[in-house]
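Working notes, beginning with the structure itself.
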């Protein structure tokens, strides 16, 4: 049977070389520019121009997907998914009704066609009344206010709450405070759902890194036993994992249940909503707003490319698939993206991710001081960039004698994975300062027309790229939640002015965090702890400060 786990302890030489690959390529991109500059400034200029032109070509596709993705997001949020789910309960009569009222709207035509297929073979499709949604909320030491707001967002969904099984998975290492918070939540909200469970994840278990994956896997194993005891079939349960600050769109569970039913190969699928970091976007400093908005756009763009879509943050998967795989990895701090690869290899390549065009809203990074916020943002991006560990994992499976996936498909996915991590780490730096390198380190460059004009050429191309930034600003404003009443109108101006920071955030955060993570991987200094990101709102920070000021001094 295939080994799904990431190695712990000493790796084989082959695996270590594969772990060193992303840093070798990313840092090698800079070394290559320097070497070419010393050998031939013209060759260095050609190399850099190829990088910039490739980036511009990608940018055109990204901009197109960004516009189309926002349109799909807006359209999906207008669909009455609860009504469509009800149609699946009686597919024959629903099909006859909708066929008489034929619609030319593409989404409505797809729904009618789904009903036609279900009525032809009803045994292959479960009814909505059979399905349960299990929601695992992972928490470490978050406040009652943060977790209560998340649970209240579940209550506000249009899905039948008596078909929701809620599991609050909290960490023993979080101490007595989080246990008390969890018990308070169950007392206040326990009767709102089909079931409400508290599952404590013990600390210091063997072969586990300190992270979300171990916590939600522990909760999943509890859920497995509970479902069996209640005689609820695993195939009738959709499991969604949420972080403590996640707020699903009101139609999310109707939507995911609908998609789960209409796809016959549902066991080999995951369902990925669009993560938007907008909960507290008005409260966070400008650099964090740029990073959060950029990450939100990237998630929208990714949803438009299903062949490259991966599990990210909150996602849903069938319980029977999770139970077979023993849930998520307990050995990585990036269990979300890694779950794609675990599933891909477990199911012999028969696995893909279905995009759901409704959001799950999350918090942007915010701590109680500006300096802590800047640091916390870097820590979050460093953790995401540590997904470069998947390169060695995927390559070791693809280039194995026991390979169980098609070679061409495996190589194509591996190359896209490598390209994503190397691009993240190196391209922003190359574009920003690479044009000056030949002139600075080789005196012959001044006599090379190509090298001498390179900074001007790149500057022109950067100005062309400004079109993309203008588009981003426009779409960002469409996506913003309403301005809170306690902010004056001049705050809106800051939402425009912040985009001058985009080159800074691209280098200081995205590139540096990726280079840092890949460098640690190269040296074998593994990240074995999930650093929980500080997330808050202006009000929660104010409340905490007031509580601290009112606390009586100890003698």
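Every number here is computed from the coordinates shown, using simple stated rules; none is lab data. Predicted model, so just to flag it, every value in this text is computed and none were measured. All Cβ positions, glycine included, derive from the backbone under ideal geometry; neighbour counts span all protein chains shown.
Looking at the stretch 50-109, the pairs of alpha carbons with a distance over 13 Å make up 74% of the total.
The stretch 513-527 and the stretch 24-75 have Cα centres spaced 23 Å apart. Here the stretch 320-390 is treated as a Stokes sphere of Kirkwood radius computed over C-alpha pairs; at 25 °C and 0.890 mPa s its diffusion coefficient rounds to 167 µm²/s. Taking 0.36 nm per residue of separation and subtracting the Cα-Cα distance, full extension of the segment from residue 145 to residue 13 would add 42.7 nm. Based on C-alpha pairs under 8 angstrom that are at least 6 apart in sequence, the stretch 214-316 has a relative contact order of 34 percent. Dividing the mean sequence gap of close Cα pairs (under 8 Å, 6+ apart) by how many residues the chain holds gives a relative contact order of 23 percent.
Once the chain from residue 34 to residue 108 is taken as fully extended at 0.36 nm per residue, the excess over their C-alpha distance is 21.0 nm. By DSSP, the beta bridges lying fully in the chain are antiparallel in about 20 percent of cases. Label zone of residue 5 (point 7 Å out along Cα→Cβ, amide N under 20 Å): in the stretch 192-219 this covers 201-219.
Tilt of helix 389-398 relative to the longest C-alpha principal axis of the chain, in degrees (0 to 90, nearest 10)? So the helix axis and the longest Cα principal axis differ by about 80 degrees. Taking the number of Cβ atoms within 10 Å of each Cβ as an exposure proxy, the fewest-first ranking of 12, 308 is 12, 308.
Entry note, the chain: the mean residue ellipticity at 222 nm calculated from DSSP H runs of n ≥ 4, each adding -39500 (n - 2.57), is -19000 deg cm²/dmol after division by the residues and rounding to the nearest 500. Ranked by the mean number of other Cβ atoms within 10 Å per residue, highest first, peptides 188-197, 319-328 order as 319-328, 188-197.
Hey, what angle do you get for helix 538-550 against the long axis of the chain, alpha-carbon based, 0 to 90 degrees rounded to 10? For 538-550 against the chain, the angle is about 80 degrees. Extending 7 Å from Cα along the Cβ direction at residue 523 and again at residue 130 yields two label points whose distance is 5.5 nm. Relative to the longest principal axis of the Cα atoms of the chain, the long axis of helix 286-303 makes an angle of roughly 70 degrees. Which entry in (i) 191; (ii) 148; (iii) 258 matches volume of the Cα convex hull per residue in Å³ derived from the coordinates of this structure? The value matching this structure is (i).
Note on residue 491 and residue 156: the extension gain reaches 117.6 nm, defined as 0.36 nm multiplied by sequence separation minus the Cα-Cα distance.
The alpha-carbon atoms of the stretch 99-235 define a convex hull whose volume equals 163 cubic angstrom per residue. A crude spin-label estimate for the pair residue 205 and residue 54, with each label 7 Å from Cα along the Cβ direction, gives 4.2 nm.
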